[in-house]
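Asks: The structure that follows is given in the form of structure tokens.
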Amino acid sequence: MNATKKSKAASAAGVLLVASLALAACGGNSNNGGNAASSAPASGDASSPAASKPAGGGKNVTISYTIWDKNQQPAMEAIAKAFTEKNPNIKVKVDVIPWGDYWTKMSAAAPAGTLPDVFWMHGGQFIKYATGQFLEPITDKVQAGEINLDDYASNLGSIYTLDGQNYGVPKDFDTIGLAYNKELFDQASVPYPDDTWTYEKLAEVAKKLSQPDKGIYGFGAKLDTQAGYWNDMLANGGHILNDDMTKSGYDEPASIEALQARYQMILDKASPTHQQMTDTDTVDMFKSGKLAMIFDGSWDNGNLASSDIIKGKYDWAKLPMGKVKRGNIINGLGNVMSAKGKHKEESWQFLKFLGSKEAADITAQMGAAIPAFNGTQDAWVKSKPDMNLQVFIDQTADAVPYPSGSKSYPVWFAKESEIMSQAWGGAISVEEGAKKVAAMMNQAIADAK
């Protein structure tokens, strides 16, 4: 889900993010993927900050770079190789820890002082690591002009800023799309999703495509936030949080209505049950040809394409229109350094290279993710010309930042799914679950003041 998606530091920065991403688009939950099947491009831009002299005074060192997506590993290794060609004394070891284990291992490594030298950071986890002083600030590097945060689409650098300190270099950004199985649509003689689709149309077609007796369902209405019902709530006129992040929007009538509509698809047998989707994730169901449609993030295209069953048989459409708008969550990953790393100067040189146009071009041309560096997003779209990847860029204009820009976020987000799973499992009503989440969130916000 991977997740699968801003301004975590402040709501004002979130407004800037959406506005800036809209301009970027005009110009250019659980995994974070992309297709890395093609080869790396030739070495890039001499004007980039990465085109600097070798670091570390010639001492041979190996630094660690840890990520969570094996589908992006080839691109990250290509970037590491390009960096070492410029800095022969610095080798980079790329390690992959799957998303399901990534934060468990990082949470243990952080207080032990054994975090990787450089690693991927998610906006939803950032505050925990920044407030714990586990990340190396790069504010002095930014102020010295070693890296220019204006080089990145949408003010993405603001995500990894806390109390005036910069900690991360933007890597990519993501939005959410509607993935659909063309073969299942063709078999039912149903037209593919298009820009006219509403949530009512989604529910109607999902019913039509469902064949529960064959284990095939029209849509995966799973319990999910970033790649799930947060988008529904926004489209229906509801909110996750209000604009200044001081109050939950889960108990708003429009939010509750959107949540109920998603859950109704399970009751209508247009979606697998909560238990079925807990036993087998909807992404895996889609990859096996058992789901006609899912919401999923731009990061996951490579993961879907890795399935021999649906490869060449699926495509993307925009999320449906709601009563108020087309909702979408946007997020962006960053690269960060460990505060306890043994090779900080070498790690900084690599971190700076990761933020360069050359690294962004490799990311884009190998289809790994939508790169954050301005002007490089087009290559990502063109990396899969047979697919409608442009929908992910187009939707940035309507997207709302991932709502983790407060110190209360790690508290309420950890509890949200515990409560909502009771509703999705039928133990309590969806309305009761939403109101319980709102009360819990509001208490967490008050406690964080």
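Asks: Count the lysine pairs in region 88-182 whose Cα atoms lie under 24 Å apart, taking only pairs 8 or more positions apart in sequence or on different chains.
Replies: Counting lysine pairs in region 88-182 gives 11.
Asks: Now for a separate question. Using only the Cα atoms of region 137-277, what are the Rg and Dmax in Å?
Replies: In Å, with Rg to one decimal and Dmax whole: 20.4, 64.
Asks: Can I ask one more? Short version: ³J(HN,Hα) in whole Hz for each residue of region 297-308, in order, from phi by Karplus 6.51 cos²θ - 1.76 cosθ + 1.60 (θ = phi - 60°), x for Gly and Pro, what are they?
Replies: x, 4, 4, 9, 4, x, 5, 4, 5, 6, 7, 5
Asks: Residue by residue, what Karplus-based ³J(HN,Hα) values in Hz, rounded to whole numbers, does region 274-290 have, using 6.51, -1.76 and 1.60 with θ = phi - 60° and x for Gly and Pro?
Replies: The phi angles translate into 4, 5, 4, 6, 7, 5, 9, 4, 4, 4, 5, 4, 5, 5, 8, x, 9 Hz.
Asks: Then there's this: Taking a temperature of 37 °C and a viscosity of 0.692 mPa s, what whole-number D in µm²/s does Stokes-Einstein yield for the chain with Rh from Kirkwood over alpha carbon pairs?
Replies: 149 µm²/s
Asks: Further question on the same structure: Given charges of +1 on the Cβ of Lys and Arg and -1 on the Cβ of Asp and Glu, with all other atoms neutral, how large is the dipole of region 176-333 about its Cα centre, in debye to the nearest 20?
Replies: That gives region 176-333 a dipole magnitude of about 320 debye.
Asks: Counting only residues 5 or more places away or on other chains, whose amide H sits under 5 Å from the amide H of GLN211 once H atoms are built in the peptide plane?
Replies: ILE216, TYR217, GLY218
Asks: Can you tell which of ASN301, MET321, ASN331 lies farthest toward the positive end of the dipole of region 293-334, using +1 and -1 charges on the Cβ of basic and acidic side chains (Lys, Arg; Asp, Glu)?
Replies: MET321
Asks: Which of the peptides 236-248, 287-299 is most tightly packed, and how do the rest follow, judged by the mean count of other Cβ atoms within 10 Å per residue?
Replies: The packing order, highest mean first, is 287-299, 236-248.
Asks: Let me ask something else about it. When each pair of different Cα atoms in region 328-403 is counted once in the 1/r mean, what is the Kirkwood radius in angstroms, to one decimal?
Replies: 14.0 Å
Asks: If I compute solvent accessible area with a 1.4 Å probe over the protein chains, what percent of it on the chain is carbon and sulfur?
Replies: After summing per-atom areas, the C and S share lands at 51 percent.
Asks: Taking 0.36 nm per residue of separation and subtracting the Cα-Cα distance, what length does fully extending LYS382 through THR198 add?
Replies: Value of the extension gain: 63.5 nm.
Asks: Run the numbers for ASP150 and ALA448: contour at 0.36 nm per residue of separation, minus the present Cα-Cα distance, in nm.
Replies: Separation in residues times 0.36 nm, less the Cα-Cα distance, equals 104.2 nm.
Asks: Another one. Could you give the accessible area per residue of region 351-436, probe 1.4 Å, as a whole number in Å²?
Replies: 33 Å²
Asks: Would you kindly derive the ³J(HN,Hα) couplings of region 212-222 from the backbone phi angles with the Karplus curve 6.51 cos²θ - 1.76 cosθ + 1.60 (θ = phi - 60°), listing them in order in whole Hz, with x for Gly and Pro?
Replies: For region 212-222, the Karplus curve yields x, 5, 9, x, 10, 10, x, 8, x, 7, 7 Hz.
Asks: Can you tell me which of 175-188, 126-139 comes out highest on packing, and rank the rest after it, using the mean Cβ neighbours within 10 Å?
Replies: Answer by packing, highest mean first, reads 175-188, 126-139.
The values are calculated or read from the model by the stated rules, or taken from the named source; none is laboratory data. For clarity, every value in this text was computed on a predicted model and none was experimentally measured. Virtual Cβ from ideal backbone geometry, glycine too; neighbours counted across all protein chains shown. Protein only, heavy atoms only, side chains kept; ligands, DNA and RNA dropped before computing areas. Shrake-Rupley method; radii C 1.70, N 1.55, O 1.52, S 1.80 Å.
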